[in-house]
Amino acid sequence: MYVSFELFARPAIRTLMGVEPVHRTVVSAVCPEGVASSLPGRRQFLRGRYDADENAVTPVGGSGSHLVKALAHANALIVLPEETTSLEPGGTVDVVLLD
């Protein structure tokens with residue numbers, strides 16, 4: 001639910017309010033741990049912890065939307081494109097910054 005709010009509702013609200021920027025900042029970062037699996041044909045947004053000093057992001061928690069505790073430790077969303085079924089350790093991903 002939170003991811004849907006960040007991707008759809010928050011930009012719509014900011015647009016209606018006339019507040020810029022409408023979208024969160026997106027950066028490219030290394031994912032040292034990688035991601036074991038991702039559903040093919042579906043863009044995934046995983047909770048992550050971004051370290052700006054290292055320019056690295058680490059997944060936190062699982063992929064279930066019910067895992068609210070993991071969201072408390074996240075400051076970013078890791079974007080896995082539709083064609084990605086896994087990410088090798090050290091791979092580069094887009095990261096939506098939540099701070």
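Readers should treat all values here as calculations from the given coordinates under stated rules, not as data from a laboratory. Just so you know, these numbers come straight off a predicted model, no measurement behind them. Methodologically, a virtual Cβ is constructed for each residue, glycine included, from the backbone with ideal geometry; neighbour enumeration extends over all protein chains shown.
Points worth noting:
- Full extension of the chain between residue 75 and residue 4 yields a length gain of 24.0 nm, computed as 0.36 nm times the residue separation minus the alpha carbon distance.
- Long-range HN-HN contacts of residue 98 with modeled amide H, under 5 Å: 76, 77
- The dipole here belongs to the chain: it is taken about the Cα centre, uses +1 on the Cβ of Lys and Arg and -1 on the Cβ of Asp and Glu, and is about 460 debye.
- One chain, two ends: residue 42 and residue 98. Fully extended at 0.36 nm per residue, the span grows by 18.0 nm beyond their Cα-Cα distance.
- For the chain, the 222 nm mean residue ellipticity estimated from helices alone, with every DSSP H stretch of n ≥ 4 adding -39500 (n - 2.57) and the total spread over all residues, rounds to -3500 deg cm²/dmol.
- Normalised by the number of residues in the stretch 24-97, the average gap of Cα pairs under 8 Å and 6 or more apart makes the relative contact order 48 percent.
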